[in-house]
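Q: Take a look at the following structure, please.
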Amino acid sequence: MINVQDIRDTARDLLAKGEVRAVIGWRAGSRGMAAEPCVVTKPEEADSLVWDPTCYHNLALQLVNDRKDLVHSKKTATAPIGIVAKGCDARAIVVLLQEHYFKREDVYIIGVSCENSGVLDERKVKAQVGGFAPSAAAFDGDNFSVKTAKGDKKLAGREVMADRCLECRTPFPKENNTAFGDDKTGREFDAQFAALARFEANDEAARWEFWQRQFDRCIRCFACRSVCPMCFCDECVVDSIEMKIAPETTAEEKANRIRWIERSAVRSENATYHMTRALHLAGRCVDCGECERVCPVNIPLRLLNTKMEREAREAFGFDPGASIGGPSLVASFRDDDPGEFIR
Amino acid sequence: MSMEKTLDKALLSDWIAAVTSGGWQVHGPALEDGIWTFKPVAASVDLDYPNVKQAPKDFAFPQREIFFAFEHIKGEAPRLKEVKPEAPQCAVFGVRPCDGRGAVRMDKVFSDNVNDPYYQERRKNTAYVGLACNAPPSPTCFCKSVGGSPVSSEGMDILLTDLGEIYIAQAATKTGEALMAAADKLFGKMGAADKKQLDKVHADAVAAPQRAVKDAKGAPAALKAGFDSAVWEEMAKPCIGCGICTFLCPTCHCFDINDEMTGMSPLKGQRVRTWDNCQFPDFTMHTSGHNPRETLGTRLRQRVSHKFRYFHENFGMLQCTGCGRCVSECPVGIDIVAVVNKVAEHVA
């Protein structure tokens with residue numbers, strides 16, 4: 001088990017020595033059980049950092065936002081930025097590095113191993129405690145103890161751990177400057193792509209019926225996109241923020257501006273949005289599962305993304321986020337490419 | 001309250017049948033794919049539930065509303081066709097007090113200074129059968145500190161209170177009385193013992209501790225004083241700019257209007273109103289490309305100030321009803337209670 005004080009001490013030292021200008025991590029949330037992302041900039045704030053099974057968030061997103069802030073404010077970084085990263089967070093950082101979003105020396109990775117744990121799935125917890133939102137949680141290595149309005153309850157880890165963690169094979173952040181916790185790479189709580197396999201056992205008609213229901217329910221809050229570290233485009237396909245209107249812009253140009261997807265949250269537009277996103281993430285998604293976690297209407301978005309991931313793995317042996325120097329899926333070519341048409 | 005009666009829980013489905021045959025479409029909470037949503041009720045309804053994920057504002061203010069259809073054949077005058085809302089009479093069973101108070105605030109927006117015929121047509125055909133919160137509050141509830149109560153009937157046509165074997169039904173409007181009168185025989189007289197139990201249940205519900213906005217009355221002034229505070233950007237640091245907080249909110253009402261084309265030759269389409277969202281990058285974006293609220297801090301300030309200051313300036317009441325959805329559902333833990341408290345602390 002990781003001693004959280006080690007993380008705090010590391011962050012404090014780095015900040016005190018000026019080796020990093022800030023440390024992105026988690027602190028206790030104000031609303032109850034869940035931790036929340038934070039950016040620590042002073043050594044004396046380092047003690048607010050926490051590490052527990054409610055550190056759901058993929059903090060690589062905060063690196064993307066930091067980079068955007070720097071670019072938009074035309075500032076240059078005075079020192080690297082530190083980040084506390086789980087296995088999946090580190091894989092996301094690797095993809096961002098592969099895509100040259102920032103440089104390796106811009107980031108100081110304080111790795112934290114999930115060891116034999118993972119993050120909680122609040123939906124699973126709620127289902128176990130009669131629909132009541134839990135107010136606190138702790139993990140003792142095997143079980144989660146949660147507090148609810150109806151009393152305390154001990155829940156088996158596997159029962160309430162997020163699916164993404166059950167299927168995870170790389171709970172240790174291989175890419176790191178320093179790391180805490182044991183390396184349990186290869187641990188198996190559930191088969192890889194297990195949730196996808198369960199879903200694909202349905203026939204085509206049932207699958208389509210299922211997706212229609214999911215897309216009908218989408219409210220287009222775009223939380224799935226906004227929480228995704230790979231969705232870093234300045235202008236997303238669903239927004240229209242780059243169309244500048246000048247006095248000489250004609251009414252026709254305005255009317256004909258490209259809108260791939262209408263604002264209306266209806267099945268056709270919602271489906272187009274989700275399929276566009278899934279394709280844009282092929283070979284880039286590291287299955288951190290954040291999109292599925294944050295969806296307010298429970299659309300199981302991992303099914304779309306892990307489907308693409310499995311296709312890439314089976315067809316090309318591709319493993320997103322495995323190594324910085326490795327090829328990217330859609331920007332590389334191999335002589336032994338299995339596609340006949342391409343040779 | 002003018003009409004207060006008891007209803008045996010076993011007779012709830014009979015009452016729903018009577019309301020249905022009176023021409024109402026009855027909606028009630030249903031658990032689908034793991035979330036509670038209001039759905040049309042066929043036979044009976046399970047009112048033992050926490051709250052719906054999305055506030056029921058869409059009965060009067062749907063996420064998509066068609067205003068009119070248009071067609072332009074070259075050489076001819078453009079043709080417009082008004083599209084009036086299809087608004088069946090809907091009776092929504094199980095509305096929680098925070099959402100009833102939300103409806104009151106939505107009514108102000110769409111009826112006080114403007115007449116929005118689309119909203120009003122739907123609203124006059126909507127009845128809310130409320131359900132008092134006498135289970136322990138969720139960790140993110142804070143209705144009491146913003147002037148509400150877990151047993152408030154504000155905005156409701158009827159308030160139901162669960163007393164175990166029976167409900168107490170209290171009509172709050174003429175519509176509510178009519179809904180009860182439609183099945184008069186099913187209801188019993190509220191006796192002294194029932195009344196005593198009702199009062200106790202309500203008192204206990206009100207006494208249950210909740211999180212709190214520390215000084216809601218002082219919030220409008222504090223937010224005004226703290227408009228330029230540096231804490232906005234600091235608090236918005238983890239914000240991802242998604243639209244969960246406002247789309248789930250019982251009182252957020254911003255909208256956008258677009259022409260959606262269905263054909264180009266001849267030019268054909270519909271003018272459509274959809275929900276908009278102050279957290280999105282194109283919200284308040286000017287045609288020049290300039291956006292006065294470019295940063296997440298200014299967008300957070302807009303959302304919070306609208307709830308706790310601007311709405312108060314416009315209508316004399318706080319807009320936030322303390323349902324806690326924006327708090328519990330925020331992907332990164334941005335907490336409107338903590339935000340208001342922190343700004344107040346900074347300007348104190």
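The values are calculated or read from the model by the stated rules, or taken from the named source; none is laboratory data. Everything numeric here is computed off the predicted structure, so don't read it as measured data. Cβ sites come from the backbone with ideal geometry, for glycine too, and all protein chains shown count toward neighbours.
Q: Among the candidates B:25, B:54, which residue alone is away from chain A (no Cβ under 14 Å), of a type in the set (S, T, N, Q) and in contact (Cβ under 8 Å) with a residue 40 or more places away in the chain?
A: Values: B:54 fails: away from chain A (no Cβ under 14 Å).
Sole residue among the options that is away from chain A (no Cβ under 14 Å), of a type in the set (S, T, N, Q) and in contact (Cβ under 8 Å) with a residue 40 or more places away in the chain: B:25.
Q: Do any residues in the stretch B:201-217 that are farther than 15 Å from residue B:136 by Cβ have Cβ atoms under 8 Å from those of residues that are among the polar types (S, T, N, Q) and surrounded by 15 or more Cβ atoms within 10 Å (Cβ to Cβ), where the two are at least six apart or on different chains, and which pairs are they?
A: B:212/B:145; B:213/B:145; B:213/B:341; B:214/B:145; B:214/B:341; B:216/B:145
Q: For the subset of the stretch A:90-114 comprising residues that are of a type in the set (D, E, K, R) and farther than 19 Å from residue A:11 by Cβ, which member is surrounded by the most Cβ atoms within 10 Å (Cβ to Cβ)? So that I can check it myself, show each step before the final result.
A: Kept after step one, since they are of a type in the set (D, E, K, R), are these residues of the stretch A:90-114: A:91, A:99, A:103-106.
If we keep only those that are farther than 19 Å from residue A:11 by Cβ as well, we get A:91, A:99, A:103-104.
Details: A:91: 26, A:99: 13, A:103: 9, A:104: 14.
Here the residue is A:91.
Q: For the condition touching an Asp or Glu at 6+ places or on another chain (Cβ under 8 Å) and within 12 Å of chain A (Cβ to nearest Cβ), what is the one hit in B:266, B:238, B:220? Step through it out loud before you land on a result.
A: Numbers: B:266 fails: within 12 Å of chain A (Cβ to nearest Cβ); B:220 fails: within 12 Å of chain A (Cβ to nearest Cβ).
Just a single option satisfies the conditions, and that option is B:238.
Q: Of the numbered conditions (1) in contact with a helix residue (DSSP H, G or I) (Cβ under 8 Å, 6 or more places away or on another chain); (2) within 28 Å of residue B:255 (Cα to Cα); (3) within 14 Å of chain A (Cβ to nearest Cβ); (4) touching a residue at least 60 places away in the same chain (Cβ under 8 Å), residue B:66 satisfies every one except a single condition; which is it?
A: Among (1) in contact with a helix residue (DSSP H, G or I) (Cβ under 8 Å, 6 or more places away or on another chain); (2) within 28 Å of residue B:255 (Cα to Cα); (3) within 14 Å of chain A (Cβ to nearest Cβ); (4) touching a residue at least 60 places away in the same chain (Cβ under 8 Å), the lone unmet condition for residue B:66 is (1).
So that you can scan it fast, the table gives a plain yes or no per residue for (1) charged (D, E, K, R); (2) touching a helix residue (DSSP H, G or I) at 6+ places or on another chain (Cβ under 9 Å):
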residue: B:234; (1), (2): yes, yes
residue: B:245; (1), (2): no, yes
residue: B:262; (1), (2): no, no
residue: B:286; (1), (2): no, no
residue: B:308; (1), (2): no, yes
residue: B:329; (1), (2): yes, yes
residue: B:334; (1), (2): no, yes
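Q: If you don't mind, another one. Suppose we filter the stretch A:36-50 for residues that are crowded, with 22+ Cβ neighbours inside 10 Å and either under 19 Å from the mean Cα position of the chain (by Cα) or within 7 Å of chain B (Cβ to nearest Cβ) (or both); how many remain?
A: Final tally of qualifying residues: 3.
Q: Please determine, by comparing only the residues of the stretch B:315-346 that are over 14 Å from residue B:214 (Cα atoms) and β-branched (Val, Ile, Thr), which one is farthest from the other protein chains (Cβ to nearest Cβ).
A: B:321
Q: What number of residues within the stretch B:258-303 satisfy the criterion of being hydroxyl-bearing (Ser, Thr, Tyr), surrounded by 16 or more Cβ atoms within 10 Å (Cβ to Cβ) and either at pLDDT below 95 or not assigned by TED's automatic domain parsing to the domain that holds residue B:228 (or both)? Break it down into steps so the answer makes sense when it comes.
A: Narrowing the stretch B:258-303 to residues hydroxyl-bearing (Ser, Thr, Tyr): B:262, B:265, B:274, B:284, B:287-288, B:295, B:298.
Narrowing further to those that are surrounded by 16 or more Cβ atoms within 10 Å (Cβ to Cβ): B:274, B:284, B:295, B:298.
Still in the running and either at pLDDT below 95 or not assigned by TED's automatic domain parsing to the domain that holds residue B:228 (or both): B:284, B:295.
So the answer is 2.
Q: Something else now. Do the conditions hold for residue B:191, that is, is it more than 13 Å from chain A (Cβ to nearest Cβ), over 30 Å from residue A:26 (Cβ atoms) and buried (at least 22 other Cβ atoms within 10 Å of the Cβ)?
A: Working: more than 13 Å from chain A (Cβ to nearest Cβ): yes; over 30 Å from residue A:26 (Cβ atoms): yes; buried (at least 22 other Cβ atoms within 10 Å of the Cβ): no.
When the stated conditions are applied, residue B:191 does not pass them.
Q: Every residue in the stretch A:240-282 that is more than 9 Å from chain B (Cβ to nearest Cβ), buried (at least 20 other Cβ atoms within 10 Å of the Cβ) and either of a type in the set (A, V, I, L, M, F, W, C) or part of a loop (DSSP other than H, G, I, E, B) (or both), please.
A: Listed by number, the list holds a single entry, A:281.
Q: Would you please name the residue that is farthest from the other protein chains (Cβ to nearest Cβ), looking only at residues in the stretch A:1-33 that are out of contact with any Pro (no Cβ under 9 Å at 6 or more places or on another chain) and surrounded by 19 or more Cβ atoms within 10 Å (Cβ to Cβ)?
A: A:10
Q: Could you say which residue among A:120, A:97, A:49 is under 30 Å from residue B:322 (Cα atoms) and at pLDDT 95 or above?
A: Working: A:120 fails: at pLDDT 95 or above; A:97 fails: under 30 Å from residue B:322 (Cα atoms).
Only one candidate qualifies: A:49.
Q: Something else now. Looking at this structure, is residue A:221 in a loop (DSSP other than H, G, I, E, B), closer than 23 Å to residue A:274 by Cα and either touching a helix residue (DSSP H, G or I) at 6+ places or on another chain (Cβ under 8 Å) or more than 14 Å from chain B (Cβ to nearest Cβ) (or both)? Working first, answer last.
A: Numbers: in a loop (DSSP other than H, G, I, E, B): yes; closer than 23 Å to residue A:274 by Cα: yes; either touching a helix residue (DSSP H, G or I) at 6+ places or on another chain (Cβ under 8 Å) or more than 14 Å from chain B (Cβ to nearest Cβ) (or both): yes.
Considered against the rule, which asks whether it is in a loop (DSSP other than H, G, I, E, B), closer than 23 Å to residue A:274 by Cα and either touching a helix residue (DSSP H, G or I) at 6+ places or on another chain (Cβ under 8 Å) or more than 14 Å from chain B (Cβ to nearest Cβ) (or both), residue A:221 comes out as yes.
Q: Let me ask something additional. Looking at the stretch A:188-218, which of its residues are within 14 Å of another protein chain (Cβ to nearest Cβ), polar (S, T, N, Q) and more than 24 Å from the chain's Cα centre (by Cα)?
A: Scanning the stretch A:188-218 gives a single hit, A:212.
Q: Only one of (1) in contact with a Gly (Cβ under 8 Å, 6 or more places away or on another chain); (2) surrounded by fewer than 20 Cβ atoms within 10 Å (Cβ to Cβ); (3) in a loop (DSSP other than H, G, I, E, B); (4) within 14 Å of chain B (Cβ to nearest Cβ) fails for residue A:176. Which number is that?
A: Result: residue A:176 passes all but (4).
Q: Kindly indicate whether any position in the stretch B:118-133 is touching a residue at least 12 places away in the same chain (Cβ under 8 Å) and touching a Cys at 6+ places or on another chain (Cβ under 6 Å).
A: Within the stretch B:118-133 (the criterion being touching a residue at least 12 places away in the same chain (Cβ under 8 Å) and touching a Cys at 6+ places or on another chain (Cβ under 6 Å)), the answer is yes, since at least one residue qualifies.
Q: A further question follows. Which members of the stretch A:314-329 meet the condition of being assigned to a loop (DSSP other than H, G, I, E, B) and surrounded by 12 or more Cβ atoms within 10 Å (Cβ to Cβ)?
A: The first filter runs over the stretch A:314-329 and keeps only residues assigned to a loop (DSSP other than H, G, I, E, B), leaving A:317-329.
Result: A:318, A:319, A:320, A:321, A:322, A:323, A:324, A:326, A:327, A:328, A:329.
Q: Can you spot a residue in the stretch B:62-71 that is of a type in the set (Lys, Arg) and under 20 Å from residue B:96 (Cβ atoms)? Explain how you work it out, then say what you get.
A: Step one: of the stretch B:62-71, the residues of a type in the set (Lys, Arg) are B:64.
Now drop any that are not under 20 Å from residue B:96 (Cβ atoms), which leaves none.
Within the stretch B:62-71 (the criterion being of a type in the set (Lys, Arg) and under 20 Å from residue B:96 (Cβ atoms)), the answer is no, since none of the residues qualifies.
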